[in-house]
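Read through the structure below, which is laid out as structure tokens, and then see the notes.
The values are calculated or read from the model by the stated rules, or taken from the named source; none is laboratory data. Keep in mind it's a predicted model, so treat the numbers as computed, not measured. We place every Cβ from the backbone using ideal geometry, glycine too, and count neighbours over all the protein chains shown.
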Amino acid sequence: MTTRTDYSGMTDEALVKAAQKGGTEAFEELVARHRDKIYARAFSMMRNEDGAVDLSQEAWVKGWQRLQQFQGDASFVTWMTRIVINLCLDQLRKQKRVRADSIEQLDEELGGVERQMPVVNPNPTERLERTELRQRIDRALAQLSVEHRTVLILHEFEEMEYKEIAKKMECSIGTVMSRLFYARRRMASLLAGLKREEFNQ
Amino acid sequence: MNQEKLLKLQAYLDKKLPPAESAQVARWISEDEQARAVLEELTATKSLLAGNELEVKLPEGRQFYWSKIQREIARLETETAAQSSSMWHSWWARLAAPLAGAAVAIAAIIFITKPQFDSGAVRAFLQEIETPIEEASAISFHSQEAGMTVVWIESQGN
């Protein structure tokens, strides 16, 4: 009689080792554990449900193919997140080639618009339920251009250094700093604006 | 305030400046109200974002989501196995053809040059066929048109 392994009780490290030996059931458990996080990162970058599902699944397939290269320097979920980020960036680059940049986007790229933006207070001390605050932030993020949203996500949520972001986005560190600065100022303005809109309703 | 100064403020916030430059920026902020206001806005935005990313759930069930991944993994593994098998075959074919040629050439050289094959015996065998009967002569006639060859063997004793 064969005994069925209980994968749900195993750590990520043990599951990775089992999957590296060819165990797809162990890999399935890793997918089940981290699928929401990997999908969420793809969604935050692509802002498209179907596209995010496809890219997150592609990331898992790539993860399986490269599993032997995983050394455990970072956690498994961090490693997987880097894979899905790279896939999203590739996809965004492909989309950019067929998308004509607007004049506003070009201004943002060149820098300067943010200098004319008035300083606002996004009011971080306002008592909001965490879910509501998160929803506001998400709505504001959705209004940023792809480039600004990406830089902000990579820096604020993934805690990447300017240099690493520049490498991933194939641009200079100066461009990263400029985009990040604009994105932060625009977020401040959008969050203050969202607050005003809600008061007016 | 120019772009360079604004980006320096941001680098100060993100702790990316060397200590000496950081102290210089801190002095500038304490003296410049506008710089202070921009820094406060940047700091507030950074604090708001920290740990406040919306939690999004995958819109598909576990089995349905996994089944597509599983199918793709299986497809790629079959493809990889087929590729490596075909690569092995083509590698073997590339290696086998010159090897076979070389083997034939070596065999031919050995056959021609090696005396222990007793080439005399071979020659004798051929002679026997040429002249099966001593003191006999042969005349041959060949017609291309008729596609025919006739050989007369005549015993000189008769």
| field | Breaking point among (1) assigned to a helix (DSSP H, G or I); (2) among the hydrophobic types (A, V, I, L, M, F, W, C); (3) within 14 Å of chain A (Cβ to nearest Cβ); (4) more than 26 Å from A:Val31 (Cβ to Cβ), for B:Met1 | value | (1)
| In region B:18-57, how many are within 12 Å of chain A (Cβ to nearest Cβ) and outside any helix (DSSP H, G or I)? | 8
| Residue identified as surrounded by fewer than 10 Cβ atoms within 10 Å (Cβ to Cβ), of a type in the set (Asp, Glu) and at pLDDT below 70 among B:Glu145, B:Glu134 | B:Glu134
| note | Of A:Arg134, A:Arg179, the only residue that is within 19 Å of B:Leu9 (Cα to Cα) and either facing chain B (nearest Cβ under 9 Å) or modelled with pLDDT of 95 or more (or both) is A:Arg179
| Which of the residues spanning region B:58-87 are exposed (fewer than 12 other Cβ atoms within 10 Å of the Cβ) and not in a helix (DSSP H, G or I)? | B:Gly61
| said: Yes or no: region A:31-45 includes at least one residue that is acidic (Asp, Glu) and modelled with pLDDT of 95 or more. | reply: yes
